[in-house]
Structure formats: C-alpha cells, structure tokens
Amino acid sequence: MQKRQAPPIRFADVTLGYDGHPAVHHLRGEIASGSMTAVVGPNGSGKSTLIKGIVGLLQPIDGHIDIEGLDRSQISYLPQQANIDRSFPISVVEMVSLGLWPRRGMFGSVTAADKEQVADAIATVGLTGFEARTLDTLSGGQLQRVLFARVLVQDSPLILLDEPFTAIDTSTANHLMDLIERWHDENRTVVAVLHDLDLARERFPQTLLMAREPIAWGASKEVLTPANLLRLRSMSESWDDTAPWCERAAG
Ligand code: ADP
Ligand code: MG
C-alpha cells in the first residue's frame, strides 16, 4: 500500500509565534519515523501552532524544523474543526476526492482506480450513501469521518491531526481511533493533538506535553504523571499573552 516511510521530524531549537509574541519556545527533539505521538496541553499552550509549523503553514521565528526529503504536499493535515469552513458548497465525494490532488494535480484526470479508492475510503468511514450530501448538512461526527476519508485517499506517510475527537460522538471517535491505529500499524508517522489524557495514555505510545515549551516528551506512561500534570498547570497559570519576545528564555 504505502510506498515509503516519512523521515523523522527534527526540531532544532524552534521558536514559533505570531507578530513577535512566542507561542512555542525553543523546541528541541525529534518525532521518530513511524511513531504515534499525542500532543497534550491546556488551551493556548501552542499545540496548533506546533502542528502548523510542521505543515509549513507557519515559518519559525527562530531555529528550524527539518523533515528531510519529504515534500510538504505529502503531509496529511486535519485542522481543528472550528477552523473548517462548512459553508463551502462541496459534496462528500468531492471533498474526499481532494485527497487525490497531490498525486493527480488539480486538473489531472481521475482514473477508475481513483474513483474506486474514493468509494472505498467513504465506505471505510461508514458514509456510503452520503456521497452527494453537502458538508453543511453533516453533523460534526460525519464531517470528521469525511475528513478522515480524505486522509485515507491521500495515503501520506505523515499524518497530523489537530483535535480529531473534539465535538464528535463517542461511536465516531472509537471508529476513527481504530483508523489511526491502522495508520500506525502501516508505519506511517502520526501526530495528534488530544484533550483526553486517558486516550493519550492508553492508545498513544508517545506523548509530548506542551506548555508553550515542552514540559515532558517520551513514553506516554512516563510523561503523563501527576507530577508533570501539576507542573503543566502551574506553568499555564503564569502565562502572559502580552509578554515580549522570549522574555522567559532571557530571564
Ligand atoms: P492551542 O492549540 O494549544 O490551544 P494555539 O497554538 O492555537 O494553542 O495558540 C497558542 C498561542 O498563540 C495563544 O496565545 C494564541 O492566542 C496565539 N495564537 C494562535 N493563533 C494566532 C494567530 N493567528 N495570531 C495571533 N496569535 C495567535
Ligand atoms: Mg489548538
């Protein structure tokens, strides 16, 4: 199925932010090829910012993120649902077919095999019969299934998911979690922003605990300890959104 594995993602003293205000400070480390990582932290801790940095939507202010030899178009990225424009007049089958773009180009001809792959992906997420429905008629859980079907079609070695389970029903969450595990079994690299600590602990081998800088990073069971979570809370209480650039690092 999948042709090649994603290279490791290397963070070389990366600082990411907006308009001179840091959102992620001095991140160093590596997400291993084929690993499955939960990114956990309170609201505003820089989780989405980090994902956007990996995707290349945000350039680091300092340092760099290396994903050697992987074209950014080969990354599957699922933004937070709140950021998806649902009024865009597009059907389920059209949305899932967008996953073909990196291979076919915008005007490339879609083959019978492509159509079959799209139909298979829609079936896998349990949405057969919904092909012609427009996105604005779907529930949050159904929309998330559509977006997962698009990821299936993309067939990427690196998959980034920003809060894939927020505001969706439990049965959809369970179904999509199984798909994520399948991607992991296929040796793809998976990074998912999560709010559910139990889910991170039980189903994700690795966790990166964020509070604008990494608090802990490694095996989930060693990272998600009461001591680290307490530290996380005390750090997030001291955030100052108006702080100048890298004040904490300097002081
Ligand atoms: P999380 O995903 O962990 O909730 P974010 O990465 O979205 O956190 O945000 C981290 C910080 O960056 C917050 O202080 C947030 O207000 C700020 N931020 C996020 N997006 C923008 C933006 N587009 N412009 C300015 N500041 C932003
Ligand atoms: Mg976020």
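Annotations for the structure displayed:
- Each residue in the stretch 185-207 was checked for being part of a helix (DSSP H, G or I) and surrounded by fewer than 19 Cβ atoms within 10 Å (Cβ to Cβ), and 7 of them qualify.
- A single member of 87, 76 is more than 27 Å from residue 229 (Cα to Cα), assigned to a strand (DSSP E or B) and among the polar types (S, T, N, Q), and it is 76.
- Yes/no for residue 105 being at pLDDT below 95, on the phi > 0 side of the Ramachandran plot and either open to solvent by 60 Å² or more (accessible area, probe 1.4 Å) or more than 16 Å from ligand 2 (Cβ to nearest atom) (or both): yes
- Evaluation of residue 60 against the conditions (1) open to solvent by 10 Å² or more (accessible area, probe 1.4 Å); (2) of a type outside the set (D, E, K, R); (3) within 16 Å of ligand 1 (Cβ to nearest atom); (4) modelled with pLDDT under 95 shows that the sole unmet condition is (4).
- If you go through the stretch 209-249 and keep only what is under 20 Å from residue 26 (Cα atoms), among the β-branched types (Val, Ile, Thr) and at pLDDT 75 or above, you end up with 215, 223.
- The condition of being away from ligand 2 (no atom under 16 Å from the Cβ), part of a strand (DSSP E or B), crowded, with 18+ Cβ neighbours inside 10 Å and not acidic (Asp, Glu) holds for only one of 14, 93, that being 14.
- Whichever residue in the stretch 157-170 is more than 16 Å from ligand 2 (Cβ to nearest atom) and modelled with pLDDT under 95 and, among such residues, is most open to solvent (accessible area, probe 1.4 Å): 170
- Subset tally (residues that are polar (S, T, N, Q) and within 25 Å of the chain's Cα centre (by Cα)) for the stretch 111-127: 2
- Odd one out for residue 3, checked against (1) more than 12 Å from ligand 1 (Cβ to nearest atom); (2) modelled with pLDDT of 95 or more: (2)
- For first residues located in the stretch 178-199 and within 18 Å of residue 42 (Cβ to Cβ), partners that are assigned to a helix (DSSP H, G or I) and polar (S, T, N, Q) and lie 6+ apart or on another chain with Cβ distances below 9 Å form the pairs 193/48.
- Checking the stated criteria, residue 27 turns out not to satisfy the condition of being assigned to a loop (DSSP other than H, G, I, E, B) and either within 12 Å of ligand 1 (Cβ to nearest atom) or over 17 Å from the mean Cα position of the chain (by Cα) (or both).
- Some residue of the stretch 66-78 being within 16 Å of ligand 1 (Cβ to nearest atom) and farther than 16 Å from residue 190 by Cα: no
- Any hit, the stretch 78-89, residues being open to solvent by 40 Å² or more (accessible area, probe 1.4 Å), away from ligand 2 (no atom under 16 Å from the Cβ) and hydrophobic (A, V, I, L, M, F, W, C): yes
- Any hit, the stretch 44-53, residues being farther than 16 Å from residue 151 by Cα, assigned to a strand (DSSP E or B) and touching a helix residue (DSSP H, G or I) at 6+ places or on another chain (Cβ under 7 Å): no
The values are calculated or read from the model by the stated rules, or taken from the named source; none is laboratory data. In this text, all values refer to a predicted model and were calculated from it rather than measured experimentally. Cβ: placed from backbone, ideal geometry, glycine included. Neighbour counts: every protein chain shown. Surface areas here come from the heavy atoms of the whole protein model, side chains and all, with no ligands, DNA or RNA. Shrake-Rupley method; radii C 1.70, N 1.55, O 1.52, S 1.80 Å.
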